[in-house]
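To keep things clear, I will list the structure first and then write my remarks on it.
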Amino acid sequence: MLISYIKIAFRNLVRHKAFSFINIAGLAIGMACSIFILLWVRDELSYDQFHENAHLIYRLTDNVGDFKAAVTPAGMAEELIVKMPVIKNITRISKNQHALFEVGTQKFQEKRLMYTDSNFLQMFSFRLMQGNLQTALLSSTNILITQDMARKYFGSDNPLGKLIRIDNKENFKVAGVLENIPANSHLQFDFIIPMSAIENKEGDLIQHSWGNFNYYTYLQLDKNTDLTPPGIQKLNTEIEKIYKKHSPEFKINFHLQPLTAIHLNPGLQIDQPGHGNSQYVNIFFIVALFILAVACINFMNLATARSARRAKEVGLRKVVGAGRFQIIGQFLGESVFISLIGFIIATMLVWLLLPLFNEVADKKVSIHMLDAKLFLSLFALALVIGLISGIYPAIYLSGFKPVKVLKGKLKSMGGNLVFRNTLVVTQFIVSIVLLVGTVVIYRQLHFIKDMNLGFEKRNLVYTRMTGDLWNKLDALKSELKQNPLTSDYSIISDLPTELVTGTVDINWEGKDPKSQVVFPNIDVDQNFMHVFQMKLLNGRGFSNSFQSDSARFIVNEKAVKAMGMTVSNAVGKPLYFQGTQGMIIGVVKDFNFKPVQQPIDPLILRSNRWGGYVFVRTNTGNTEATIKALEKINSKLNPAYPFEFSFLDQDLANLYKSEQRIGSLFNIFAILAIFISCLGLYGLSAFIAEQRTKEIGVRKVLGASVFNIVYLLSSTFTRVILIAILIAIPISWYAVHLWLQGFAYHVAIGWGIFAIGAFAALFIAWCTVSYESVKSAVANPVSSLRSE
């Protein structure tokens, strides 16, 4: 019987090629979209899962008021493992460092050098391809490199024992080669040097410091530890007690963050780059479900539209003895058969388009043909989709009365009108929500791109000071001044896109002793305000004419507010900051020095006496010449280091690459979901046109115009879509409002956005149904009334 059902299903597909194509295309596209999304979601959820003890590893984070950071003091690790037996292992990791690497005649500036404790490889499961796992990080002169770096510097030679010179100062011996770091690791690095190399240079200051928050601290807990939220909170409290013994007046809270939760929680400052977002994972998972639902509804509507053509078939089967459950089984078998065809096509589409998807999503997602678990899951999904899609048409078609069907007296061939309209309403609720989401994402991304950051970001080229430039600051300034191309320069301590400083070591008149606000700071020179085109609200900027400016400060509006002052009276007030007693000489208008997801913090500007980054504002048309002039200055003063440069506006754009990628993916899937919805709407319009063929013929005979007929058929859908709009608007408002909460600065949600979504939905619907409406309106009434 199963073979018979398959034959009948195949014959029906061949007989009605257009409907079959639309049916299978809708399911295939819907399943392909959902597979892509589920692969992306699976990849996002897989971060750091490959570590053997991932469920036992936690990162220690902290917060001071609203300032939440991923870094902790270096000295904590040594004491925590002694005083907390529940901690089986603990290791510290530095932020990624910049350094000049030299092997023979090869020199490269590397940006992914990491310092770790010697037990790093005992805690994390990064595979060591060459070298001894137990001893690789014991010596302070050892270095571990990845396979890519081994090929880059040593080609096909064995790198073990070879020397790498760093920053023209120290030689490190290659003690191991690591397998390339998996893409789904939140730790991304190319080189590892033991932490003892820093301790040898800076002594016990690093090993025992409890004041400077500079390192990421990871703990591996004992396997018998209580990992429930109350158990983890108990450990947090114990850690805080240990810290308070060293800094009793410092109000800080510590939190153990699961290793596998780090990637999807981007809310911490001074964190590793490249985070995902759990909100996006949830959004896309819901979108996948929506697309599957739309594809199923599409199938139901198309199957219902064909019901008139299969009514006599059902009647004849019942006459010859077929029971209702047999007919249900037949139609469910057909829907599963069609679903499996759609699944095969969807799998082929995914396999063909996966490289393009990876490029758009910036992923390395792959499908392994031997991944039985994945294919069984997708196959089961196809079966479920087939059953869900076919259940309503099967129950409806199997309910036909053979006497009425065979006598042609069945009045309605469309089943329950309320149910069918509910399906269409559901489809267009999804479509409108996706349309509104697309518009909001587009506007927010353009808002980020064009928003006023408080300084002029365009035409700013910069280079990082390296090597001898730190010892030749005066000579560097002289060279920059003498060249007209580089004379509009400023030297500051930190990039405005990567400010990672913060301290509570600050005091002012009238400060509440209980107040504990974190103040970031940047060291800037006398040209900073001019080069960055900042707006000074009161006072003055730094100047070489005032020798005392080394003990003077400029503050932003947020700092003025935090200190209980006003812009007009802040200048001249005394201020103590990080060991320096000085005075406020200026107030600068607030400017963004962190991503727009984070609000502007209170900021202290100090006079820069050391260096950091050289910024030059270029004139239009002179950018290339300015870069060459900077390169010439670097070659003259710092010949041992290769010249590198970047543009500030490009760095700012890179901060929002994740949002750009998410926006692109959302737009693609939204368009495809709307396309599938239109297929379903087309199916329903075909059904109604088929159901009302004789009525339309009578109306035309009685004098109805083409416009009257088109209006008659279109008004049915218009009412349904208006209901969908009324339901979709509050849902879409809540959804976009929830997403925009992740940004400290965002576009306003006006009613125009919802009007665009509603009008677009109506327009798309009218365009979709117009074909069948016009086709029915221009048909010859003689054909439909011949049998009457």
Which condition number does ILE729 fail, the rest of (1) farther than 26 Å from ILE662 by Cβ; (2) at pLDDT 85 or above; (3) buried (at least 19 other Cβ atoms within 10 Å of the Cβ) being met? (1)
Could you list all residues from segment 108-132 that are open to solvent by 70 Å² or more (accessible area, probe 1.4 Å) and touching an Asp or Glu at 6+ places or on another chain (Cβ under 6 Å)? ARG112, ARG127, MET129
Determine if segment 233-247 includes at least one residue that is more than 20 Å from PHE124 (Cα to Cα), assigned to a loop (DSSP other than H, G, I, E, B) and under 35 Å from the mean Cα position of the chain (by Cα). no
In this structure, does LEU485 turn out to be modelled with pLDDT of 90 or more, part of a loop (DSSP other than H, G, I, E, B) and either under 30 Å from PHE67 (Cβ atoms) or open to solvent by 10 Å² or more (accessible area, probe 1.4 Å) (or both)? yes
Of the residues VAL403, VAL461, VAL418, VAL430, which single one is buried (at least 20 other Cβ atoms within 10 Å of the Cβ) and either at pLDDT below 75 or assigned to a helix (DSSP H, G or I) (or both)? VAL430
Given the structure, is LEU38 hydrophobic (A, V, I, L, M, F, W, C) and either more than 18 Å from PHE124 (Cβ to Cβ) or open to solvent by 50 Å² or more (accessible area, probe 1.4 Å) (or both)? yes
Anything in segment 511-548 that is outside any loop (DSSP other than H, G, I, E, B), open to solvent by 40 Å² or more (accessible area, probe 1.4 Å) and closer than 30 Å to LYS68 by Cβ? List them, or say none. LEU537
Hey, can you tell me all the residues within segment 549-562 that are open to solvent by less than 50 Å² (accessible area, probe 1.4 Å) and under 14 Å from PHE519 (Cβ atoms)? PHE553, ILE554, VAL555, ASN556, ALA559, VAL560, ALA562
Only one of ALA311, ALA346 is open to solvent by less than 20 Å² (accessible area, probe 1.4 Å), part of a helix (DSSP H, G or I) and either modelled with pLDDT of 85 or more or among the basic types (Lys, Arg) (or both), namely ALA346
Residues that are in a loop (DSSP other than H, G, I, E, B) and either more than 21 Å from ARG127 (Cβ to Cβ) or of a type in the set (Gly, Ala, Ser) (or both), drawn from segment 160-182: GLY161, ASP167, ASN168, LYS169
Could we say that LYS363 is out of contact with any His (no Cβ under 7 Å at 6 or more places or on another chain), open to solvent by 50 Å² or more (accessible area, probe 1.4 Å) and closer than 15 Å to LEU38 by Cα here? no
Examine segment 384-399 for a residue that is open to solvent by 40 Å² or more (accessible area, probe 1.4 Å), modelled with pLDDT under 75 and assigned to a loop (DSSP other than H, G, I, E, B), and state whether such a residue exists. no
Taking segment 654-673 on its own, how many of its residues are under 17 Å from LEU27 (Cα atoms) and open to solvent by less than 20 Å² (accessible area, probe 1.4 Å)? 3
For ALA77, all conditions in the list (1) within 30 Å of PRO229 (Cβ to Cβ); (2) modelled with pLDDT of 90 or more; (3) surrounded by fewer than 18 Cβ atoms within 10 Å (Cβ to Cβ); (4) more than 26 Å from the chain's Cα centre (by Cα) hold save one; what is the number of the exception? (3)
So if I check each of THR135, THR105, THR141, which one is open to solvent by 10 Å² or more (accessible area, probe 1.4 Å) and without any contact (Cβ under 8 Å) to a residue 12 or more places away in the chain? THR105
Would you confirm whether any residue within segment 189-196 is open to solvent by 70 Å² or more (accessible area, probe 1.4 Å) and not in a helix (DSSP H, G or I)? no
Does segment 85-133 hold any residues that are farther than 30 Å from ASN638 by Cβ and touching a helix residue (DSSP H, G or I) at 6+ places or on another chain (Cβ under 6 Å), and which are they? ILE87, ASN89, ILE90, THR91, ARG92, LEU133
Can you name every residue in segment 563-581 that is open to solvent by 10 Å² or more (accessible area, probe 1.4 Å) and either among the β-branched types (Val, Ile, Thr) or in a strand (DSSP E or B) (or both)? THR566, VAL567, VAL571, PRO574, TYR576, THR580, GLN581
In the set LEU268, LEU302, LEU292, LEU227, the lone residue that is under 30 Å from MET76 (Cα atoms) and crowded, with 18+ Cβ neighbours inside 10 Å is LEU268
Just give me the residues in segment 736-761 being closer than 22 Å to GLY680 by Cβ and touching a helix residue (DSSP H, G or I) at 6+ places or on another chain (Cβ under 6 Å), in sequence order. GLY757, ALA758, ALA760, ALA761
Quick check on segment 205-223. Is at least one of its residues open to solvent by 20 Å² or more (accessible area, probe 1.4 Å), without any contact (Cβ under 8 Å) to a residue 40 or more places away in the chain, farther than 14 Å from GLY75 by Cβ and not aliphatic (A, V, I, L, M)? no
Could you grab the pairs with beta carbons closer than 9 Å, sequence gap of 6+ or different chains, first residue in segment 19-47 and under 15 Å from ILE297 (Cα atoms) and among the hydrophobic types (A, V, I, L, M, F, W, C), second one modelled with pLDDT of 90 or more and open to solvent by less than 10 Å² (accessible area, probe 1.4 Å)? LEU27/ALA346; ALA28/ALA346; ILE29/ALA346; MET31/ALA346; MET31/VAL350
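The values are calculated or read from the model by the stated rules, or taken from the named source; none is laboratory data. The structure presented is a predicted model; accordingly, all values stated were derived computationally and were not measured. Here the Cβ is made from the backbone with ideal geometry for all residues, glycine too, and neighbour counts use every protein chain on show. Just the protein is used for accessible areas: all its heavy atoms, side chains included, with ligands, DNA and RNA removed. Shrake-Rupley method; radii C 1.70, N 1.55, O 1.52, S 1.80 Å.
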